[in-house]
Amino acid sequence: MVVRDYNDEIQYLEKISPTAWRIKIGFQPNMNVEGVFYVNSHLEKLMFEELRNSCRPGMVGGFLPGMKQIANVAALPGIVGKSIGLPDVHSGYGFAIGNMAAFDMADAKSIVSPGGVGFDINCGVRLLRTNLTEKDVLPVKEQLAQSLFDHIPVGVGSKGIIPMTANDLEEALEMGIDWSLREGYIWAEDKEHCEEFGRMLNADPSKVSLRAKKRGLPQLGTLGAGNHYAEIQVVEEIFDAWAARKMGIDRKGQVCIMIHSGSRGFGHQVATDALVAMEKAMKRDGIETNDRQLACARIMSQEGQDYLKAMSAAANFAWVNRSSMTFLARQAFAKQFQTTPDDLDMHVIYDVSHNIAKMEEHVVNGKLKTLLVHRKGSTRAFPPHHPLIPVDYQLTGQPVLIGGTMGTCSYILTGTEHGMQETFGSTCHGAGRALSRAKSRRNIDYQSVLNKLQEMGISIRVASPKLVMEEAPESYKNVTDVVNTCHDAGISKKCVKLRPIAVIKG
(Lines give C-alpha, C1' and ligand atoms only; values in the text may rest on other atoms or scores of the structure.)
Protein backbone atom coordinates (compact mmCIF):
# COMPACT_ATOMS: atom_id res chain seq x y z
CA MET A 1 0.00 0.00 0.00
CA VAL A 2 1.36 3.43 -0.97
CA VAL A 3 2.06 5.65 2.05
CA ARG A 4 1.58 9.38 1.42
CA ASP A 5 2.36 12.31 3.64
CA TYR A 6 -0.22 14.83 4.79
CA ASN A 7 0.46 17.29 1.94
CA ASP A 8 -0.12 14.54 -0.62
CA GLU A 9 -3.36 13.53 1.11
CA ILE A 10 -4.97 16.97 1.18
CA GLN A 11 -4.62 17.38 -2.60
CA TYR A 12 -7.54 14.96 -2.88
CA LEU A 13 -9.77 17.10 -0.66
CA GLU A 14 -11.86 20.03 -1.86
CA LYS A 15 -14.17 22.34 0.07
CA ILE A 16 -17.41 22.53 -1.93
CA SER A 17 -19.59 24.59 0.45
CA PRO A 18 -19.32 26.24 3.89
CA THR A 19 -20.45 22.93 5.40
CA ALA A 20 -19.12 20.22 3.06
CA TRP A 21 -15.87 18.77 1.70
CA ARG A 22 -15.44 16.45 -1.29
CA ILE A 23 -13.10 13.44 -1.14
CA LYS A 24 -11.92 12.94 -4.71
CA ILE A 25 -11.40 9.58 -6.36
CA GLY A 26 -7.78 8.54 -5.74
CA PHE A 27 -7.68 9.50 -2.06
CA GLN A 28 -7.84 5.77 -1.35
CA PRO A 29 -7.34 2.92 -3.89
CA ASN A 30 -10.15 1.63 -6.14
CA MET A 31 -12.77 4.26 -5.25
CA ASN A 32 -15.92 3.82 -7.37
CA VAL A 33 -17.55 7.08 -6.26
CA GLU A 34 -16.48 10.23 -4.46
CA GLY A 35 -16.87 10.80 -0.75
CA VAL A 36 -18.30 13.81 1.05
CA PHE A 37 -18.27 14.87 4.68
CA TYR A 38 -20.17 17.65 6.44
CA VAL A 39 -18.44 19.92 8.96
CA ASN A 40 -18.43 23.47 10.29
CA SER A 41 -15.18 25.34 10.92
CA HIS A 42 -14.65 23.78 14.37
CA LEU A 43 -15.47 20.19 13.35
CA GLU A 44 -13.32 20.66 10.24
CA LYS A 45 -10.25 21.23 12.44
CA LEU A 46 -10.92 17.98 14.32
CA MET A 47 -11.23 16.01 11.05
CA PHE A 48 -8.01 17.38 9.59
CA GLU A 49 -6.12 16.93 12.85
CA GLU A 50 -7.18 13.27 12.87
CA LEU A 51 -5.90 12.91 9.28
CA ARG A 52 -2.63 14.68 10.12
CA ASN A 53 -2.04 12.41 13.12
CA SER A 54 -2.52 9.31 10.97
CA CYS A 55 0.19 10.53 8.58
CA ARG A 56 2.83 10.99 11.29
CA PRO A 57 5.87 8.67 11.36
CA GLY A 58 5.15 5.52 13.30
CA MET A 59 1.41 5.61 12.53
CA VAL A 60 1.62 3.45 9.38
CA GLY A 61 -0.66 0.46 9.84
CA GLY A 62 -2.26 2.14 12.84
CA PHE A 63 -5.72 3.68 13.14
CA LEU A 64 -7.64 4.81 10.07
CA PRO A 65 -9.05 8.34 10.32
CA GLY A 66 -12.70 8.93 9.45
CA MET A 67 -11.86 10.48 6.04
CA LYS A 68 -9.99 7.37 4.89
CA GLN A 69 -12.76 5.11 6.12
CA ILE A 70 -15.31 7.14 4.14
CA ALA A 71 -13.07 6.73 1.07
CA ASN A 72 -12.63 2.98 1.64
CA VAL A 73 -16.41 2.59 1.71
CA ALA A 74 -16.51 4.47 -1.62
CA ALA A 75 -14.45 1.57 -3.06
CA LEU A 76 -17.02 -1.12 -2.18
CA PRO A 77 -18.79 -2.91 -5.06
CA GLY A 78 -22.21 -1.58 -6.08
CA ILE A 79 -22.09 1.72 -4.17
CA VAL A 80 -24.09 4.56 -5.75
CA GLY A 81 -24.07 8.33 -5.27
CA LYS A 82 -21.43 9.11 -2.66
CA SER A 83 -19.98 7.68 0.52
CA ILE A 84 -21.25 10.18 3.08
CA GLY A 85 -19.81 11.28 6.42
CA LEU A 86 -22.17 13.19 8.71
CA PRO A 87 -20.83 15.90 11.08
CA ASP A 88 -20.46 13.49 14.02
CA VAL A 89 -18.25 11.15 11.96
CA HIS A 90 -15.31 9.46 13.70
CA SER A 91 -13.20 6.34 13.30
CA GLY A 92 -15.06 3.03 13.73
CA TYR A 93 -14.94 -0.65 12.73
CA GLY A 94 -14.97 -0.85 8.92
CA PHE A 95 -17.27 2.07 8.22
CA ALA A 96 -16.62 5.21 10.21
CA ILE A 97 -19.29 5.90 12.82
CA GLY A 98 -21.42 8.57 11.17
CA ASN A 99 -20.86 7.10 7.69
CA MET A 100 -23.71 6.05 5.42
CA ALA A 101 -23.69 4.45 1.98
CA ALA A 102 -26.26 3.02 -0.43
CA PHE A 103 -25.90 0.02 -2.74
CA ASP A 104 -27.89 -0.75 -5.90
CA MET A 105 -30.08 -3.82 -5.39
CA ALA A 106 -30.21 -4.35 -9.17
CA ASP A 107 -26.41 -4.68 -9.39
CA ALA A 108 -25.37 -8.30 -8.87
CA LYS A 109 -22.03 -7.15 -7.46
CA SER A 110 -23.57 -5.00 -4.71
CA ILE A 111 -22.67 -5.96 -1.17
CA VAL A 112 -23.94 -5.84 2.39
CA SER A 113 -21.36 -5.26 5.13
CA PRO A 114 -21.86 -5.76 8.90
CA GLY A 115 -19.21 -3.05 9.36
CA GLY A 116 -21.69 -0.67 7.73
CA VAL A 117 -24.32 -1.44 10.37
CA GLY A 118 -22.22 -1.86 13.49
CA PHE A 119 -22.13 -4.36 16.33
CA ASP A 120 -24.99 -2.78 18.28
CA ILE A 121 -27.62 -3.40 15.61
CA ASN A 122 -30.52 -0.92 15.80
CA CYS A 123 -28.93 1.06 18.56
CA GLY A 124 -31.38 3.94 18.64
CA VAL A 125 -33.20 6.62 20.56
CA ARG A 126 -36.79 6.88 21.76
CA LEU A 127 -38.35 10.06 23.14
CA LEU A 128 -41.44 10.23 25.34
CA ARG A 129 -43.25 13.43 26.21
CA THR A 130 -45.16 14.19 29.41
CA ASN A 131 -47.53 16.95 30.55
CA LEU A 132 -45.23 17.64 33.52
CA THR A 133 -43.11 20.77 33.79
CA GLU A 134 -39.69 21.30 35.31
CA LYS A 135 -41.39 22.91 38.32
CA ASP A 136 -43.38 19.71 38.89
CA VAL A 137 -40.27 17.53 38.76
CA LEU A 138 -37.58 19.57 40.55
CA PRO A 139 -38.89 18.95 44.12
CA VAL A 140 -38.79 15.16 43.54
CA LYS A 141 -35.97 14.99 40.98
CA GLU A 142 -33.65 12.86 43.13
CA GLN A 143 -36.43 10.41 44.03
CA LEU A 144 -37.53 10.22 40.39
CA ALA A 145 -33.97 9.60 39.18
CA GLN A 146 -33.57 6.83 41.76
CA SER A 147 -36.94 5.33 40.81
CA LEU A 148 -35.92 5.25 37.14
CA PHE A 149 -32.57 3.69 38.09
CA ASP A 150 -34.36 1.09 40.22
CA HIS A 151 -36.90 0.22 37.52
CA ILE A 152 -34.56 -0.05 34.49
CA PRO A 153 -31.73 -2.61 34.81
CA VAL A 154 -28.41 -0.97 33.81
CA GLY A 155 -24.76 -1.95 33.41
CA VAL A 156 -22.68 -4.53 31.56
CA GLY A 157 -24.07 -7.67 33.20
CA SER A 158 -27.59 -6.41 33.80
CA LYS A 159 -30.49 -8.83 33.40
CA GLY A 160 -34.00 -7.91 32.36
CA ILE A 161 -37.03 -8.16 34.60
CA ILE A 162 -39.46 -8.69 31.69
CA PRO A 163 -40.37 -12.41 31.91
CA MET A 164 -38.94 -14.17 28.84
CA THR A 165 -38.81 -17.82 27.83
CA ALA A 166 -36.87 -19.16 24.84
CA ASN A 167 -40.16 -19.35 22.95
CA ASP A 168 -41.00 -15.74 23.86
CA LEU A 169 -37.64 -14.67 22.46
CA GLU A 170 -38.25 -16.48 19.16
CA GLU A 171 -41.58 -14.70 18.82
CA ALA A 172 -40.11 -11.31 19.80
CA LEU A 173 -37.35 -11.67 17.20
CA GLU A 174 -39.92 -12.30 14.49
CA MET A 175 -42.62 -9.88 15.63
CA GLY A 176 -40.65 -6.94 17.01
CA ILE A 177 -42.84 -4.31 18.64
CA ASP A 178 -45.96 -6.35 17.80
CA TRP A 179 -44.79 -8.82 20.46
CA SER A 180 -44.60 -6.00 23.03
CA LEU A 181 -48.09 -4.86 22.00
CA ARG A 182 -49.52 -8.36 22.27
CA GLU A 183 -47.97 -8.84 25.71
CA GLY A 184 -49.35 -5.53 26.99
CA TYR A 185 -46.07 -3.67 27.47
CA ILE A 186 -46.83 -0.78 25.11
CA TRP A 187 -49.71 1.28 23.80
CA ALA A 188 -51.01 0.80 20.26
CA GLU A 189 -49.97 4.39 19.40
CA ASP A 190 -46.32 3.59 20.23
CA LYS A 191 -46.07 1.45 17.12
CA GLU A 192 -47.26 4.27 14.86
CA HIS A 193 -44.44 6.52 16.10
CA CYS A 194 -41.63 4.09 15.44
CA GLU A 195 -39.31 3.74 12.44
CA GLU A 196 -40.46 0.77 10.32
CA PHE A 197 -43.41 0.68 12.75
CA GLY A 198 -41.10 -1.27 15.05
CA ARG A 199 -40.88 -4.42 12.95
CA MET A 200 -38.57 -5.63 10.18
CA LEU A 201 -40.75 -8.04 8.26
CA ASN A 202 -37.90 -10.11 6.79
CA ALA A 203 -36.59 -11.13 10.24
CA ASP A 204 -35.87 -14.87 10.49
CA PRO A 205 -34.89 -16.18 13.95
CA SER A 206 -33.67 -19.45 12.37
CA LYS A 207 -30.75 -17.47 10.88
CA VAL A 208 -29.59 -16.44 14.36
CA SER A 209 -27.06 -18.59 16.23
CA LEU A 210 -27.91 -20.30 19.50
CA ARG A 211 -25.05 -18.35 21.10
CA ALA A 212 -26.69 -15.03 20.13
CA LYS A 213 -30.03 -16.17 21.54
CA LYS A 214 -28.42 -17.26 24.81
CA ARG A 215 -26.74 -13.85 25.13
CA GLY A 216 -29.97 -12.02 24.33
CA LEU A 217 -32.49 -13.94 26.42
CA PRO A 218 -31.61 -12.38 29.81
CA GLN A 219 -31.01 -8.90 28.39
CA LEU A 220 -34.41 -7.77 27.11
CA GLY A 221 -35.51 -4.64 28.92
CA THR A 222 -31.98 -3.60 29.92
CA LEU A 223 -30.17 -0.36 29.20
CA GLY A 224 -26.66 -1.78 29.05
CA ALA A 225 -23.51 0.30 29.36
CA GLY A 226 -21.25 2.41 27.13
CA ASN A 227 -22.98 5.48 25.72
CA HIS A 228 -26.47 4.15 26.49
CA TYR A 229 -28.64 6.15 28.86
CA ALA A 230 -32.10 7.10 30.05
CA GLU A 231 -32.50 10.83 30.67
CA ILE A 232 -35.14 13.08 32.14
CA GLN A 233 -35.00 16.21 29.98
CA VAL A 234 -36.75 19.56 29.78
CA VAL A 235 -37.56 21.61 26.69
CA GLU A 236 -35.11 24.52 26.65
CA GLU A 237 -35.75 26.04 23.24
CA ILE A 238 -38.31 25.61 20.46
CA PHE A 239 -37.10 26.54 16.97
CA ASP A 240 -40.17 25.36 15.02
CA ALA A 241 -43.28 25.80 17.16
CA TRP A 242 -45.67 24.37 14.58
CA ALA A 243 -43.70 21.13 14.10
CA ALA A 244 -43.13 20.85 17.86
CA ARG A 245 -46.88 21.08 18.52
CA LYS A 246 -47.44 18.18 16.11
CA MET A 247 -45.15 16.17 18.43
CA GLY A 248 -47.08 17.25 21.55
CA ILE A 249 -44.41 19.75 22.67
CA ASP A 250 -46.02 23.13 23.29
CA ARG A 251 -43.96 24.98 25.92
CA LYS A 252 -40.52 25.53 27.39
CA GLY A 253 -39.90 23.59 30.58
CA GLN A 254 -41.98 20.60 29.42
CA VAL A 255 -40.52 17.30 30.69
CA CYS A 256 -39.53 14.48 28.30
CA ILE A 257 -37.77 11.12 28.73
CA MET A 258 -35.11 9.97 26.26
CA ILE A 259 -34.03 6.30 26.10
CA HIS A 260 -30.88 5.34 24.17
CA SER A 261 -30.14 1.62 23.80
CA GLY A 262 -29.93 -1.16 21.25
CA SER A 263 -29.74 -4.93 20.77
CA ARG A 264 -27.12 -5.50 23.48
CA GLY A 265 -25.06 -8.73 23.34
CA PHE A 266 -27.57 -10.28 20.94
CA GLY A 267 -26.78 -7.84 18.12
CA HIS A 268 -23.06 -8.02 18.83
CA GLN A 269 -23.11 -11.78 18.37
CA VAL A 270 -25.16 -11.56 15.16
CA ALA A 271 -22.54 -9.20 13.70
CA THR A 272 -19.63 -11.37 14.90
CA ASP A 273 -21.16 -14.52 13.39
CA ALA A 274 -21.78 -12.77 10.06
CA LEU A 275 -18.23 -11.43 9.79
CA VAL A 276 -16.84 -14.98 10.08
CA ALA A 277 -19.17 -16.25 7.33
CA MET A 278 -18.47 -13.29 5.07
CA GLU A 279 -14.70 -13.62 5.18
CA LYS A 280 -15.13 -17.06 3.57
CA ALA A 281 -17.66 -15.70 1.06
CA MET A 282 -15.24 -12.97 -0.02
CA LYS A 283 -12.58 -15.54 -0.91
CA ARG A 284 -15.10 -17.64 -2.82
CA ASP A 285 -16.54 -14.71 -4.78
CA GLY A 286 -13.27 -12.82 -5.30
CA ILE A 287 -14.38 -9.69 -3.41
CA GLU A 288 -11.53 -7.37 -2.45
CA THR A 289 -11.74 -4.41 -0.08
CA ASN A 290 -9.27 -1.79 1.12
CA ASP A 291 -9.76 -2.83 4.75
CA ARG A 292 -10.38 -6.33 6.10
CA GLN A 293 -12.83 -4.80 8.60
CA LEU A 294 -15.08 -4.14 5.59
CA ALA A 295 -15.82 -7.86 5.30
CA CYS A 296 -18.94 -8.20 3.14
CA ALA A 297 -20.98 -10.47 0.89
CA ARG A 298 -23.04 -10.03 -2.26
CA ILE A 299 -26.52 -8.91 -1.20
CA MET A 300 -28.18 -11.79 -3.01
CA SER A 301 -25.70 -14.46 -1.84
CA GLN A 302 -26.69 -16.95 0.84
CA GLU A 303 -24.40 -15.19 3.35
CA GLY A 304 -25.81 -11.76 2.44
CA GLN A 305 -29.41 -12.88 2.78
CA ASP A 306 -28.73 -14.79 6.01
CA TYR A 307 -27.14 -11.69 7.54
CA LEU A 308 -30.00 -9.39 6.52
CA LYS A 309 -32.54 -11.77 8.06
CA ALA A 310 -30.52 -12.13 11.27
CA MET A 311 -29.84 -8.37 11.38
CA SER A 312 -33.58 -7.75 11.08
CA ALA A 313 -34.19 -10.10 14.01
CA ALA A 314 -31.64 -8.09 16.02
CA ALA A 315 -33.39 -4.86 15.01
CA ASN A 316 -36.66 -6.33 16.27
CA PHE A 317 -34.91 -7.30 19.52
CA ALA A 318 -33.81 -3.67 19.97
CA TRP A 319 -37.34 -2.34 19.44
CA VAL A 320 -38.70 -4.79 21.99
CA ASN A 321 -35.87 -3.74 24.32
CA ARG A 322 -36.70 -0.02 24.09
CA SER A 323 -40.41 -0.82 24.35
CA SER A 324 -39.78 -2.78 27.55
CA MET A 325 -37.85 0.16 29.02
CA THR A 326 -40.67 2.49 27.94
CA PHE A 327 -43.03 0.33 30.05
CA LEU A 328 -40.62 0.53 33.00
CA ALA A 329 -40.15 4.30 32.67
CA ARG A 330 -43.93 4.80 32.60
CA GLN A 331 -44.21 2.69 35.74
CA ALA A 332 -41.50 4.72 37.51
CA PHE A 333 -43.17 8.05 36.72
CA ALA A 334 -46.67 6.83 37.54
CA LYS A 335 -45.46 5.49 40.89
CA GLN A 336 -43.68 8.75 41.79
CA PHE A 337 -46.63 10.98 40.89
CA GLN A 338 -49.29 8.49 42.09
CA THR A 339 -51.24 8.54 38.86
CA THR A 340 -51.30 6.67 35.53
CA PRO A 341 -48.92 6.99 32.54
CA ASP A 342 -51.98 7.95 30.46
CA ASP A 343 -52.83 10.83 32.81
CA LEU A 344 -49.20 11.97 32.53
CA ASP A 345 -49.55 11.96 28.70
CA MET A 346 -46.49 9.70 28.39
CA HIS A 347 -46.75 9.18 24.64
CA VAL A 348 -43.87 8.18 22.37
CA ILE A 349 -42.92 11.11 20.13
CA TYR A 350 -40.74 8.90 17.94
CA ASP A 351 -38.21 6.05 17.91
CA VAL A 352 -35.26 6.17 15.48
CA SER A 353 -32.56 3.67 14.51
CA HIS A 354 -28.86 4.55 14.27
CA ASN A 355 -27.24 1.28 13.14
CA ILE A 356 -29.20 -0.52 10.44
CA ALA A 357 -29.33 -1.49 6.75
CA LYS A 358 -32.67 -1.24 4.94
CA MET A 359 -34.10 -1.48 1.44
CA GLU A 360 -35.43 1.91 0.34
CA GLU A 361 -36.35 3.67 -2.88
CA HIS A 362 -34.31 6.72 -3.85
CA VAL A 363 -33.70 8.75 -7.00
CA VAL A 364 -30.16 8.29 -8.36
CA ASN A 365 -29.13 10.28 -11.44
CA GLY A 366 -32.78 10.95 -12.23
CA LYS A 367 -33.85 7.29 -11.95
CA LEU A 368 -35.81 5.65 -9.13
CA LYS A 369 -33.76 2.79 -7.72
CA THR A 370 -34.17 0.25 -4.93
CA LEU A 371 -31.14 0.55 -2.68
CA LEU A 372 -29.76 -1.18 0.38
CA VAL A 373 -28.98 1.82 2.59
CA HIS A 374 -26.40 1.30 5.35
CA ARG A 375 -26.66 3.84 8.17
CA LYS A 376 -24.00 3.43 10.83
CA GLY A 377 -24.11 6.12 13.48
CA SER A 378 -26.51 8.07 11.30
CA THR A 379 -30.25 8.61 11.41
CA ARG A 380 -32.98 8.31 8.80
CA ALA A 381 -34.45 11.78 8.16
CA PHE A 382 -37.26 11.50 5.62
CA PRO A 383 -38.99 14.67 4.36
CA PRO A 384 -42.64 15.78 4.55
CA HIS A 385 -45.12 13.69 2.55
CA HIS A 386 -42.90 10.59 2.51
CA PRO A 387 -45.11 7.47 2.64
CA LEU A 388 -42.93 5.72 5.25
CA ILE A 389 -43.40 8.28 8.01
CA PRO A 390 -46.45 8.47 10.32
CA VAL A 391 -49.61 10.33 9.36
CA ASP A 392 -49.02 12.73 12.28
CA TYR A 393 -45.73 13.88 10.74
CA GLN A 394 -46.66 13.97 7.05
CA LEU A 395 -46.57 17.77 6.99
CA THR A 396 -43.56 18.31 9.27
CA GLY A 397 -41.18 15.60 8.09
CA GLN A 398 -39.89 12.74 10.20
CA PRO A 399 -38.76 13.60 13.74
CA VAL A 400 -35.03 12.99 14.15
CA LEU A 401 -33.74 12.43 17.69
CA ILE A 402 -30.17 13.56 18.36
CA GLY A 403 -28.86 12.58 21.78
CA GLY A 404 -26.08 14.54 23.40
CA THR A 405 -23.58 13.01 25.78
CA MET A 406 -23.87 12.99 29.56
CA GLY A 407 -24.72 16.46 30.82
CA THR A 408 -25.13 18.11 27.41
CA CYS A 409 -28.23 19.05 25.45
CA SER A 410 -30.11 16.90 22.95
CA TYR A 411 -32.14 17.93 19.91
CA ILE A 412 -35.18 17.05 17.86
CA LEU A 413 -34.74 17.76 14.14
CA THR A 414 -37.03 17.13 11.19
CA GLY A 415 -36.24 15.60 7.80
CA THR A 416 -35.97 17.72 4.64
CA GLU A 417 -36.34 17.23 0.90
CA HIS A 418 -32.80 18.55 0.41
CA GLY A 419 -31.51 15.83 2.71
CA MET A 420 -33.40 13.24 0.66
CA GLN A 421 -31.54 14.39 -2.45
CA GLU A 422 -28.09 14.87 -0.89
CA THR A 423 -27.75 12.17 1.78
CA PHE A 424 -30.40 9.56 0.90
CA GLY A 425 -32.58 11.01 3.67
CA SER A 426 -29.90 10.70 6.38
CA THR A 427 -28.50 13.00 9.05
CA CYS A 428 -26.30 12.88 12.17
CA HIS A 429 -27.05 10.68 15.19
CA GLY A 430 -25.32 12.38 18.13
CA ALA A 431 -22.20 14.21 19.19
CA GLY A 432 -19.57 11.73 17.98
CA ARG A 433 -16.47 10.86 20.01
CA ALA A 434 -13.49 13.22 20.10
CA LEU A 435 -11.40 11.10 22.54
CA SER A 436 -11.09 7.31 22.70
CA ARG A 437 -12.50 5.59 25.78
CA ALA A 438 -8.99 4.73 27.00
CA LYS A 439 -7.79 8.32 26.58
CA SER A 440 -10.89 9.58 28.39
CA ARG A 441 -10.17 7.35 31.37
CA ARG A 442 -6.56 8.59 31.47
CA ASN A 443 -7.31 12.29 31.07
CA ILE A 444 -10.59 12.89 32.91
CA ASP A 445 -11.19 12.77 36.66
CA TYR A 446 -14.24 10.89 37.92
CA GLN A 447 -15.05 13.21 40.83
CA SER A 448 -14.60 16.41 38.82
CA VAL A 449 -17.18 15.19 36.28
CA LEU A 450 -19.67 14.42 39.06
CA ASN A 451 -19.05 17.83 40.65
CA LYS A 452 -19.60 19.58 37.33
CA LEU A 453 -22.90 17.75 36.76
CA GLN A 454 -24.01 18.67 40.27
CA GLU A 455 -23.19 22.33 39.61
CA MET A 456 -25.33 22.14 36.46
CA GLY A 457 -28.25 20.77 38.50
CA ILE A 458 -28.11 17.33 36.87
CA SER A 459 -28.79 14.26 38.99
CA ILE A 460 -26.86 11.16 37.98
CA ARG A 461 -27.19 7.47 38.73
CA VAL A 462 -24.43 5.29 37.28
CA ALA A 463 -23.54 1.61 37.77
CA SER A 464 -19.86 1.87 36.81
CA PRO A 465 -17.58 4.81 37.81
CA LYS A 466 -15.27 4.37 34.79
CA LEU A 467 -18.22 5.14 32.50
CA VAL A 468 -18.40 8.62 33.99
CA MET A 469 -14.95 9.38 32.54
CA GLU A 470 -15.61 7.61 29.23
CA GLU A 471 -18.88 9.48 28.66
CA ALA A 472 -17.87 12.91 30.00
CA PRO A 473 -18.76 15.81 27.68
CA GLU A 474 -15.03 16.42 27.04
CA SER A 475 -14.86 12.99 25.35
CA TYR A 476 -17.23 14.10 22.61
CA LYS A 477 -17.62 16.67 19.88
CA ASN A 478 -19.96 19.55 20.63
CA VAL A 479 -23.44 18.28 19.76
CA THR A 480 -24.63 21.83 18.98
CA ASP A 481 -21.82 22.14 16.37
CA VAL A 482 -22.98 18.86 14.85
CA VAL A 483 -26.66 19.82 14.78
CA ASN A 484 -26.01 23.33 13.47
CA THR A 485 -23.93 21.88 10.63
CA CYS A 486 -26.80 19.59 9.59
CA HIS A 487 -29.24 22.51 9.82
CA ASP A 488 -27.00 24.89 7.85
CA ALA A 489 -26.35 22.22 5.21
CA GLY A 490 -30.13 21.74 4.89
CA ILE A 491 -30.01 17.97 5.41
CA SER A 492 -32.24 18.29 8.49
CA LYS A 493 -33.93 21.15 10.32
CA LYS A 494 -33.75 22.18 13.98
CA CYS A 495 -37.03 21.85 15.87
CA VAL A 496 -36.48 21.52 19.66
CA LYS A 497 -33.55 21.70 22.08
CA LEU A 498 -33.70 19.59 25.26
CA ARG A 499 -31.65 19.96 28.45
CA PRO A 500 -31.02 17.04 30.87
CA ILE A 501 -31.91 17.27 34.55
CA ALA A 502 -31.30 13.60 35.43
CA VAL A 503 -29.11 10.94 33.79
CA ILE A 504 -29.29 7.15 34.26
CA LYS A 505 -26.27 5.22 32.93
CA GLY A 506 -24.71 1.76 33.03
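The values are calculated or read from the model by the stated rules, or taken from the named source; none is laboratory data. All values derive from a computational prediction rather than experimental measurement. Don't worry about glycine lacking a Cβ; one is built from the backbone with ideal geometry, like all the others, and counts go over all protein chains shown. Keep in mind that these areas ignore ligands, DNA and RNA; they rest on the heavy atoms of the full protein, side chains included. Shrake-Rupley method; radii C 1.70, N 1.55, O 1.52, S 1.80 Å.
The table below gives the values:
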{"quantity": "Ellipticity estimate at 222 nm from DSSP helix runs (n ≥ 4, -39,500 (n - 2.57)) divided over the chain, nearest 500", "calculated": "-10500 deg cm²/dmol"}
{"quantity": "Cα Rg over Rh - the chain, Kirkwood", "calculated": "0.95"}
{"quantity": "The chain: relative contact order as a whole-number percent, Cα under 8 Å and 6+ apart", "calculated": "21"}
{"quantity": "Local net charge near Gly397, Cβ-Cβ under 9 Å (Lys/Arg +1, Asp/Glu -1)", "calculated": "0"}
{"quantity": "Calculated from backbone phi, Karplus (6.51, -1.76, 1.60) coupling profile of segment 73-87 in Hz, x at Gly/Pro", "calculated": "5, 5, 8, 6, x, x, 5, 10, x, 9, 8, 10, x, 7, x"}
{"quantity": "Acute angle (nearest 10 degrees) that the helix 41-54 long axis makes with the longest principal axis of the chain, alpha-carbon atoms", "calculated": "50"}
{"quantity": "Segment 265-363 - accessible surface per residue (Å², probe 1.4 Å)", "calculated": "35"}
{"quantity": "Nearest-10 value in Å² for the accessible area of Met469, using the 1.4 Å probe", "calculated": "30"}
{"quantity": "Percent carbon-and-sulfur accessible area, the chain, ignoring ligands, DNA and RNA, probe 1.4 Å", "calculated": "51"}
{"quantity": "Cα-centre dipole for the chain with unit charges at Cβ (Lys and Arg positive, Asp and Glu negative), debye to 20", "calculated": "980"}
{"quantity": "Rg ratio (alpha-carbon, reference 2.2 N^0.38 Å) - segment 393-506", "calculated": "1.19"}
{"quantity": "Cα-based shape type of segment 282-382, given that a ≥ b ≥ c are square roots of the gyration tensor eigenvalues and the cut on a/c is 1.5", "calculated": "prolate"}
{"quantity": "Global form of segment 172-234, assessed from the alpha-carbon gyration tensor, a/c cut-off 1.5", "calculated": "oblate"}
{"quantity": "Cα-based helix-to-principal-axis angle, 446-455 vs the chain, degrees rounded to 10", "calculated": "60"}
{"quantity": "Whole-Å semi-axes of the ellipsoid equivalent to segment 1-142 (Cα gyration tensor, √5λ, descending)", "calculated": "34, 21, 15"}
{"quantity": "Nearest-20 debye value, segment 1-143 charge dipole, Cβ charges on Lys, Arg, Asp, Glu", "calculated": "60"}
{"quantity": "Dipole magnitude (debye, nearest 20) for segment 189-240, charges at Cβ of Lys, Arg, Asp, Glu", "calculated": "920"}
{"quantity": "Percent antiparallel among DSSP beta bridges (both partners in the chain, rounded to 5)", "calculated": "90"}
